[in-house]
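The values are calculated or read from the model by the stated rules, or taken from the named source; none is laboratory data. In this text, all values refer to a predicted model and were calculated from it rather than measured experimentally. FYI the Cβ positions are ideal-geometry reconstructions off the backbone, even for glycines, and counts take in every protein chain you see.
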Amino acid sequence: MAKLPREIFRVNPVDEDENAAIGIDLPMVKDSGAPFPQTFLTIDAAKANLKNLILTRKGERPFQPWFGTEIYDFLFDNNIPEMLLKMETEINEAIVFWLPYLDIKTLDVRVADVSHGFSDNFNGVQIQIDFALKGNRFNEESIVVVIGAE
């Protein structure tokens, strides 16, 4: 009987030091008014990086014009399955290129079920991403981003 290869589990050493900040969290201002909240775990920093990548338009970041996605360009297109598939492809390609340390478990783009202006619930999209850090399958996170024409 052949042995299966052993799966490697990795913990980032910086996660062990509770005084070492890794990144900046979103939103940039806490509820208390303190600016620049910090993340102290790698998975939390990855979550903030993923939100930042999705919500940044290509060409918006100086000296890195390809950083971000073009999902805002789809905002007023017809809500058809092909448009949602294009958005999913755009997000997936950006994650693979800019955040290669993430392992995407699920990526779901659908019409938002939240009402945005004029009581029309077909005015936006909801993006849900379940992910983990590569090499760490036990610590899975999820984000939901709703983009609508308000």
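I need the full set of residues from region 54-83 which are outside any helix (DSSP H, G or I), surrounded by 13 or more Cβ atoms within 10 Å (Cβ to Cβ), in contact with a helix residue (DSSP H, G or I) (Cβ under 8 Å, 6 or more places away or on another chain) and at negative phi, in order please.
Within region 54-83, Arg57, Phe67, Thr69, Glu70 qualify.
Look through Ile43, Ile22, Ile8 and report the one residue that is modelled with pLDDT under 75 and under 17 Å from Asn139 (Cβ atoms).
On inspection, the qualifying residue turns out to be Ile8.
Which residues, taken from region 82-103, are among the β-branched types (Val, Ile, Thr) and within 13 Å of the chain's Cα centre (by Cα)?
Within region 82-103, Ile91, Ile95, Val96 qualify.
Do you know which residues across region 23-53 are in contact with a strand residue (DSSP E or B) (Cβ under 9 Å, 6 or more places away or on another chain), of a type in the set (Asp, Glu) and outside any helix (DSSP H, G or I)?
Within region 23-53, Asp25 is the sole residue that qualifies.
Which ones in region 15-43 are under 27 Å from Glu88 (Cβ atoms), of a type outside the set (A, V, I, L, M, F, W, C) and surrounded by fewer than 17 Cβ atoms within 10 Å (Cβ to Cβ)?
Passing the criteria: only Pro27.
Restricting to region 115-150, and then to whatever is assigned to a loop (DSSP other than H, G, I, E, B), of a type outside the set (Asp, Glu) and touching a Gly at 6+ places or on another chain (Cβ under 7 Å), can you tell me which residue is modelled with the lowest pLDDT?
Checked region 115-150; the qualifying residue modelled with the lowest pLDDT is His116.
Give all pairs with beta carbons closer than 6 Å in which a residue from region 84-112 that is without any contact (Cβ under 8 Å) to a residue 40 or more places away in the chain meets a residue that is among the polar types (S, T, N, Q) and in a loop (DSSP other than H, G, I, E, B); count only pairs at least 6 apart in sequence or on separate chains.
Val111/Asn79
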